Ligand code: NAP
């Protein structure tokens, strides 16, 4: 009987789904993806899926041992800092190698007017003076940072956010990917003065930044949280190469 090696993918991103799709039909490899369970109708990866938090790093370590995990790939979103920290600790406790798969952040180009913020609170503080009408694309969590603002917000997120929310806002529930024409149209229709985004990186949601450049609108961009000190790659292909070595 050939030995089966278990790969755990901490997911919630396109890269996590792509990685699972590459691995699921490999002989001798079992893939288990995990999701936080925050999104009402998540895009599910192929293969086995576990939904819900673990209850902290010790519990995650117990689960990794019980699953017989041979390797963990943390392919969570760049702003999901708690799970990444948890994964690094849990993998250490369970004695399982961990890889962080993290797409690169965005960088400004010619003609961009970007202001960097360390948090959503700081982003909210930067807005007065940049414009009256804000396109807020930082997701449904943490919108309380903008609740006290007198500005008008177009808030775009996947699921409806919970209060406290900006007092003057319009909610747009949608899920990317987004194309440049649509983003230009949206920003023109709502007479957007300034875009607020996290530095999520990747292609799926980058069109809003290109639209802001073409429309000569300023961008407030929230810096990424720190990452744990573990081996890190930027692409699914590099993760696959790392796994080839790790799984032997
Ligand atoms: P977070 O603050 O780092 O995580 C909060 C808690 O949720 C974690 O401590 C963990 O619970 C649980 N959790 C998170 N990701 C998990 C996963 N993949 N599998 C199992 N449990 C998980 O994360 P977040 O910012 O709330 O994001 C939640 C999920 O949405 C992440 O998986 C992320 O990849 C995805 N996502 C986040 C963003 C974003 O902007 N933050 C954007 C797109 C997608 P326990 O401590 O109980 O183990």
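We did not get these values from a lab; they are worked out from the coordinates using the rules stated. Remember, it's a predicted structure, so these values are computed and weren't measured experimentally. Virtual Cβ from ideal backbone geometry, glycine too; neighbours counted across all protein chains shown.
Provide the percentage of antiparallel DSSP beta bridges, counting only those with both residues in the chain; round to the nearest 5. Bridges in the chain that DSSP calls antiparallel: roughly 0 percent.
Ratio of Rg to Rh for the chain: 1.02 [Cα atoms; Kirkwood radius as inverse mean 1/r over pairs]. Could you state the number of Å between the C-alpha centres of the range 91-156 and the range 53-82? The two parts, judged by their Cα centres, are 25 Å apart.
With both partners inside the range 95-195, how many of the DSSP beta bridges are antiparallel, as a percent to the nearest 5? About 0 percent, rounded to the nearest 5.
Spin-label model, residue 160 to residue 173: label points 7 Å out along the Cα-to-beta-carbon direction sit 0.6 nm apart.
Based on C-alpha pairs under 8 angstrom that are at least 6 apart in sequence, the range 1-113 has a relative contact order of 27 percent. Of the residues 106, 116, the one with the fewest other Cβ atoms within 10 Å heads the list, and the complete ranking is 116, 106.
Here the spin labels are modelled as points 7 Å beyond Cα on the Cα-Cβ line, and at residue 93 and residue 21 they lie 3.4 nm apart. With a cut-off of 8 Å between alpha carbons and a minimum separation of six or more residues, what is the relative contact order of the range 113-218 in percent? So the answer I get is 29 percent. Residues 210, 77, arranged from fewest to most other Cβ atoms within 10 angstrom of their Cβ, appear as 210, 77. Every helix of 4 or more DSSP H residues in the chain counts as -39500 (n - 2.57), and over all residues that averages to -8500 deg cm²/dmol at 222 nm. Could you state the angle between the C-alpha long axis of helix 57-67 and the longest principal axis of the C-alpha atoms of the chain, as a value from 0 to 90 degrees rounded to the nearest 10? Helix 57-67 sits at roughly 40 degrees to that axis. Here the residues 54, 135, ranked from fewest to most Cβ neighbours within 10 Å of their Cβ, fall in the order 54, 135.
With a simple spin-label model that places each label point 7 Å from the Cα along the Cα-to-Cβ direction, the separation between residue 229 and residue 190 comes to 4.2 nm. Dividing the mean sequence gap of close Cα pairs (under 8 Å, 6+ apart) by how many residues the chain holds gives a relative contact order of 20 percent. Seen against the Cα atoms of the chain and their longest principal axis, helix 14-23 is set at about 20 degrees.
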